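Encoded as structure tokens, the structure appears first; notes follow it.
The values are calculated or read from the model by the stated rules, or taken from the named source; none is laboratory data. This structure is a prediction, so every number in the text was calculated from the model and none was measured. Here Cβ is always computed from backbone atoms with ideal geometry, including for glycine, and neighbour counts include all displayed protein chains.
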Ligand SMILES: NC(=O)c1ccc[n+]([C@@H]2O[C@H](COP(=O)([O-])OP(=O)(O)OC[C@H]3O[C@@H](n4cnc5c(N)ncnc54)[C@H](OP(=O)(O)O)[C@@H]3O)[C@@H](O)[C@H]2O)c1
């Protein structure tokens with residue numbers, strides 16, 4: 001199947017209009033089903049999704065090994081078309097703890113060497129540090145990726161959750177394909193300065209949290225019990241009164257979805273897709289589907305057309321600053337260069 005494609009910035013690869021974020025298949029949203037996860041990656045490739053996003057720290061290499069297995073067992077044509085987008089830099093411990101970020105050039109090359117092995121590929125298509133390492137100038141981290149490009153181990157440089165000044169410094173060092181950052185109906189912080197900056201510099205956006213981690217998917221409920229290892233259990237937007245308020249916004253969105261005969265998740269994804277055209281920017285949503293059913297629903301968003309009246313109704317239902325609660329707990333907000 002052919003999905004429409006999108007150039008990821010002026011120097012980046014052409015990727016499918018929707019990418020598949022594989023994080024939840026290994027980490028952060030409670031347990032996932034390995035067989036179904038691999039079937040979902042295969043179904044995505046079969047449907048024409050070419051961009052697979054991961055991080056080496058998602059369950060300490062587990063997510064990369066899962067993708068490696070899916071690629072090994074996929075038809076050759078699908079495997080050849082697949083593009084890997086890999087984040088590195090987060091430091092973990094054997095108990096699953098997090099202990100900062102490492103963007104030193106030697107560390108970048110070390111992380112890449114392991115990722116290539118785990119993925120079973122001879123190059124990574126887009127490579128990026130997950131969070132700015134405050135102790136290492138971005139020029140050094142990006143410069144190390146540029147060296148990996150020269151040697152053929154990486155194709156493109158990406159960025160993640162950094163603000164306008166860091167984006168400019170990185171782009172002045174070497175060509176940057178895309179910035180990966182949270183963007184959704186209820187996380188619109190990029191619109192003020194980040195989006196104009198990437199547009200000016202010819203850098204694309206790979207948007208994550210388009211469904212706000214399931215919160216605005218239409219499937220999340222107030223009484224859902226979360227596993228101890230589920231990030232949402234400590235995410236401010238999923239707590240008590242905040243959750244009640246945020247699910248109220250989803251019910252407003254549901255009315256619009258029902259009128260259009262589509263699902264809430266499809267409206268939320270289609271809204272992000274529509275922002276690309278509105279802001280004249282290359283925006284590719286990464287959807288976190290980890291079952292074939294969720295993937296099918298997400299792909300259906302590509303067939304949803306939102307006209308000016310629809311967009312106005314959506315904005316009225318979910319105004320820009322309507323969400324209750326920050327998008328990360330305070331300790332994690334502190335790591336976000338994009339929020340400074
Ligand atoms: N750069 C960064 O800092 C960063 C941070 C986070 C994530 N990411 C990347 O972005 C990707 C996407 O992020 P995300 O997983 O938070 O995004 P998301 O798509 O907003 O959330 C995924 C969650 O939404 C739920 N969902 C409900 N309906 C869905 C549907 N039709 N399609 C997809 N998901 C649906 C899933 O549900 P179930 O519970 O039913 O599975 C899953 O829990 C990640 O996989 C990761 O690769 C990057």
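I need the full set of residues from the stretch 18-32 which are within 6 Å of the ligand (Cβ to nearest atom) and touching a strand residue (DSSP E or B) at 6+ places or on another chain (Cβ under 6 Å), in order please. So that I can check it myself, show each step before the final result.
Just the residues of the stretch 18-32 that are within 6 Å of the ligand (Cβ to nearest atom), to begin with: 21-24, 29.
Hits for the stretch 18-32 are 21, 22, 29.
Restricting attention to the stretch 285-325, which residues are over 22 Å from residue 29 (Cα atoms) and within 16 Å of the ligand (Cβ to nearest atom)?
We begin by selecting, within the stretch 285-325, every residue over 22 Å from residue 29 (Cα atoms); these are 300-322.
Listed by number, the residues that qualify are 300, 301, 302, 303, 304, 318.
Can you pull out the strands (runs of 3 or more DSSP E) entirely within the stretch 11-128 that have at least 2 residues that are touching a helix residue (DSSP H, G or I) at 6+ places or on another chain (Cβ under 8 Å)? Can you show your working first?
On the way: elements: 14-16, 19-21, 51-55, 83-88, 90-92, 98-101.
Correct list: 51-55, 83-88.
With the requirement that a residue be more than 19 Å from residue 250 (Cβ to Cβ) and more than 16 Å from the ligand (Cβ to nearest atom), what does the stretch 260-284 give you?
Answer for the stretch 260-284, where residues must be more than 19 Å from residue 250 (Cβ to Cβ) and more than 16 Å from the ligand (Cβ to nearest atom): 276, 277, 278, 279, 280, 281, 282.
For (1) within 15 Å of the ligand (Cβ to nearest atom); (2) crowded, with 23+ Cβ neighbours inside 10 Å; (3) in contact (Cβ under 8 Å) with a residue 12 or more places away in the chain, each residue gets a yes or a no:
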position	(1), (2), (3)
121	no, no, yes
142	no, yes, yes
152	no, no, yes
177	yes, yes, yes
182	yes, no, yes
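Could you identify the single residue in 181, 216 that is at pLDDT 95 or above, closer than 26 Å to residue 338 by Cα and assigned to a loop (DSSP other than H, G, I, E, B)? If you could, list the steps in order and put the result at the bottom.
Details: 181 fails: assigned to a loop (DSSP other than H, G, I, E, B).
Step by step, each of 181, 216 is checked, and only 216 is at pLDDT 95 or above, closer than 26 Å to residue 338 by Cα and assigned to a loop (DSSP other than H, G, I, E, B).
Which of the residues spanning the stretch 17-48 are within 14 Å of residue 83 (Cα to Cα), under 14 Å from the mean Cα position of the chain (by Cα) and buried (at least 23 other Cβ atoms within 10 Å of the Cβ)?
Selection gives 18, 19, 20, 21, 22.
Under 7 Å between Cβ atoms, which residue pairs at least 6 apart in sequence (or on different chains) link something in the stretch 263-280 that is over 16 Å from residue 198 (Cα atoms) with a partner that is in a loop (DSSP other than H, G, I, E, B) and more than 16 Å from the ligand (Cβ to nearest atom)?
Pairs that qualify, where the first residue is over 16 Å from residue 198 (Cα atoms) and the partner is in a loop (DSSP other than H, G, I, E, B) and more than 16 Å from the ligand (Cβ to nearest atom), are 270/306; 271/306; 274/306.
Does the stretch 269-295 hold any residues that are part of a helix (DSSP H, G or I) and farther than 27 Å from residue 202 by Cβ, and which are they?
Going residue by residue through the stretch 269-295, those that are part of a helix (DSSP H, G or I) are 269-278, 292-295.
Within the stretch 269-295, 292, 293, 294, 295 meet the criteria.
What are the residues in the stretch 216-235 that are within 22 Å of residue 188 (Cβ to Cβ) and either touching a strand residue (DSSP E or B) at 6+ places or on another chain (Cβ under 9 Å) or away from the ligand (no atom under 15 Å from the Cβ) (or both), if any?
Of everything in the stretch 216-235, those that are within 22 Å of residue 188 (Cβ to Cβ) and either touching a strand residue (DSSP E or B) at 6+ places or on another chain (Cβ under 9 Å) or away from the ligand (no atom under 15 Å from the Cβ) (or both) turn out to be 216, 231, 232.
What number of residues within the stretch 187-208 satisfy the criterion of being assigned to a loop (DSSP other than H, G, I, E, B) and surrounded by fewer than 24 Cβ atoms within 10 Å (Cβ to Cβ)?
Filtering the stretch 187-208 down to residues assigned to a loop (DSSP other than H, G, I, E, B) leaves 188, 192-193, 202-203.
Cutting the leftovers down to surrounded by fewer than 24 Cβ atoms within 10 Å (Cβ to Cβ) gives us 188, 192-193, 202.
Of the residues in that region, 4 qualify.
Is one or more of the residues making up the stretch 87-109 free of Cβ contacts under 8 Å to residues at least 60 places away in the same chain, closer than 26 Å to residue 17 by Cα and crowded, with 18+ Cβ neighbours inside 10 Å?
There is at least one residue in the stretch 87-109 that is free of Cβ contacts under 8 Å to residues at least 60 places away in the same chain, closer than 26 Å to residue 17 by Cα and crowded, with 18+ Cβ neighbours inside 10 Å.
What are the pairs, 6+ residues apart or on separate chains, where a residue within the stretch 8-33 that is at positive phi has its Cβ under 8 Å from a residue that is crowded, with 22+ Cβ neighbours inside 10 Å?
Cβ pairs passing all conditions: 9/176; 9/177; 9/178; 9/198; 9/203; 9/204; 9/282; 28/58.
Condition first: more than 10 Å from the ligand (Cβ to nearest atom) and within 19 Å of residue 336 (Cα to Cα). Now tell me which residues in the stretch 187-202 satisfy that.
Within the stretch 187-202, the subset more than 10 Å from the ligand (Cβ to nearest atom) is 188-202.
Result: 188, 189, 190, 191, 192, 193, 194, 195, 196, 197, 198.
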